[in-house]
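Presented below is the structure to which this report refers.
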Amino acid sequence: MNSASTTSTTSTANTGSTGIKLAEPHLEDVLSSAGINVEYTRAERNTLYYRDQDGQEVPVLDLVGGFGSLILGHNDPEIVAHARELLAAGTPIHAQFSPHPHANRVAAELNRVIHRETGDSEPYFAVFANSGAEAVEAAVKHAELDRGLRLAALAEELAAHRESAREAVAAGATVRADAFETAGTAPEDGIEGLIEAVERSNDRRLARPPLFLAPEGAFHGKLMGSVQLTHNEAFRLPFSALAAQTRFIPVDQPDALAKTVREERAVILDLVAEDGTVSLTERPFPLFCAFVLEPIQGEGGIKVIGEEFAREVQRVCREIDCPVVVDEIQSGMGRSGAFLASSLIGLRADYYTLAKSLGGGVAKTSVALIRQGRYRKEFELVHSSTFAKDGFSSQIALKTLQLLEADDGRAYRLARERGEKLLSVLELIRADFPEVVKDVRGRGLMLGIEFHDQAETTSPEIRAVAEAGFLGYVISGHLLNEHRIRVFPTGSSVNTLRMEPSIHLDDEEIERIRQALRAVCRLIRDQDGGRLVHA
């Protein structure tokens, strides 16, 4: 593994007065083994700085970008100045259960931008939170509340129908023979036996837990609910007993979603009295709580969802009345070259979740936006968050939106232009090293370069790290220690390096990336494991 030559001054950074590492020490050991456990002391734009053994400042080109949180870069001067003004003015941070006009302004501005990009004018109500995973949790909680209220209304309707059937039989109506067979009871049990059998069957069905739908490769956080929407089994399975389950849909099979829905289809029994006859019918049961997807999968390997799959999601979900939750936490806020990456594939959401860059790289804030036609006001009384929609983070979010929208959306144009230039560089590298680079993909400033698996290489050093699933981290460590470029693999595709710099990425930085990646590719092509792994 890489020797952490750049981090010798940070070896005790995670130790307290006891001398024992207490803040996630195992994770730090993993980072250390890859040579990426650097303590950074200053940041600006796309650059992080650490101090070497002599105390000298060393710049590092940061392509991680706070996992997509820094569309404006580290410590944007206008954001920082605004934050100072807010703090100097004594802006209240804890004023819960009071009006929050700044949060309302953020919601209004988000609506304005979404309406422009989608061409739709239906409003979205905002539920604020602190992180992306919390925004997802809020969205799926709201979706389940909505489903529960629909179920309650359905149960009342079915109960009224059963009573009407009882009254109809008392007035001389006949019961169809197949009704008893369907309900699993006998004609001699009469209408009361039939009603009792229907109630038992429906009670079982009404108690069935919801199912979620998501694409294979999905990642939506690691909280108790959101982790069940994450495809990676290493993250999900240890906690599978704690929350509702998800059916994961392959994105390269056009009919897979409809097939899954057919297989999981659920119905509920309804007694209908009409024209002197009581019959038993099956009605659709709202089993699916939501379809949750990212327009560009981040942790899944920077994979762009195609228009065909997006259309199929909308078609099937419309047919079964299943809301669509579009997770724009990493891909949104202009990173794709549009405010919403989903708008580029014609995907319209019942729910949007935004976070990361919403805080301008300074505040921790997020939001779940819920379409008016789905919104349940009852949610406001059963869900809350101590730090959500506070005056500080809301005003930072508003400033961030203003900067993104300035000059007729210049930030979006920069994301497209800079991303296209970087992507063209990556594509040339792939063409020159096809045996090393498997794929390059992404959109705007959300790009990934995937390396071929090296488990069959002749280099024992490279083979060992590849077999351990550590190749991407070793490449990251080499790029940091040899080229002063900071990049990490994606969480569920560890041979894919993510690149999510800010809109300030310049030609000189792109050239540095080009030279460094070509050097890495030469080492892998030449099976020079000693230089790659032990740099």
Sites residue 97 and residue 242, calculated FRET efficiency, Cβ-Cβ separation with R0 30 Å, nearest 0.05: 0.50
Gyration tensor (alpha-carbon) shape descriptor, region 200-272, a/c threshold 1.5: oblate
Structure-based [θ]222 nm, the chain - -39500 (n - 2.57) summed over DSSP H runs of at least 4, per residue, nearest 500: -13500 deg cm²/dmol
Helix 101-118 vs. the chain, principal-axis angle (Cα, 0 to 90°, nearest 10): 90
Computed over the chain: relative contact order in percent, which uses C-alpha pairs under 8 Å that are six or more apart: 21
Region 11-163, relative contact order [Cα under 8 Å, separation at least 6], %: 9
Eligible aspartates and glutamates near residue 141 by straight Cα distance, threshold 13 Å, same-chain separation 8 or greater: 378, 380
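List, in the order given, every pair from 377/399; 364/399; 21/222; 21/389; 222/399 whose Cα-Cα distance in the structure shown is over 25 Å.
Working: 377/399 28 Å; 364/399 14 Å; 21/222 23 Å; 21/389 34 Å; 222/399 29 Å.
From 377/399; 364/399; 21/222; 21/389; 222/399, over 25 Å: 377/399; 21/389; 222/399.
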Between helix 190-206 and the chain: long-axis angle, C-alpha atoms, 0 to 90°, nearest 10: 10
Crossing angle, helix 307-319 versus the chain [Cα axis fit, 0-90 degrees, rounded to tens]: 30
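Name the GluC sites (Glu not before Pro) in region 411-459 that are in a loop by DSSP and that have at most 11 other C-beta atoms within 10 Å, would you? Display every interim value, and only then the final one.
Working: sites: 417, 420, 427, 435, 450, 456; in loops: 435, 456.
Filter output for region 411-459: 435, 456.
I need to check one value: relative contact order of region 101-389, counting alpha carbon pairs closer than 8 Å and at least 6 residues apart, in percent. Could you put the intermediate results ahead of the total?
Values: 500 pairs, mean separation 75.8, N = 289.
Once divided by the residue count of region 101-389, the mean separation gives 26 percent.
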Which labelled figure in (i) -0.19, -0.37, -0.63; (ii) -0.26, -0.48, -0.73; (iii) -0.30, -0.56, -0.84 is log10 I(q)/I(0) by the Debye sum over Cα atoms at q = 0.05, 0.07, 0.09 Å⁻¹, once derived from the coordinates: (ii)
Pairs of alpha carbons in region 101-389 whose separation is greater than 24 Å (percent): 55
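Read-outs throughout are calculated quantities, based only on the coordinates presented, and are distinct from any laboratory measurement. Source: prediction; values computed, not measured. When we count neighbours, we look across all protein chains shown, and the Cβ atoms used for this are built from the backbone with ideal geometry, even at glycine.
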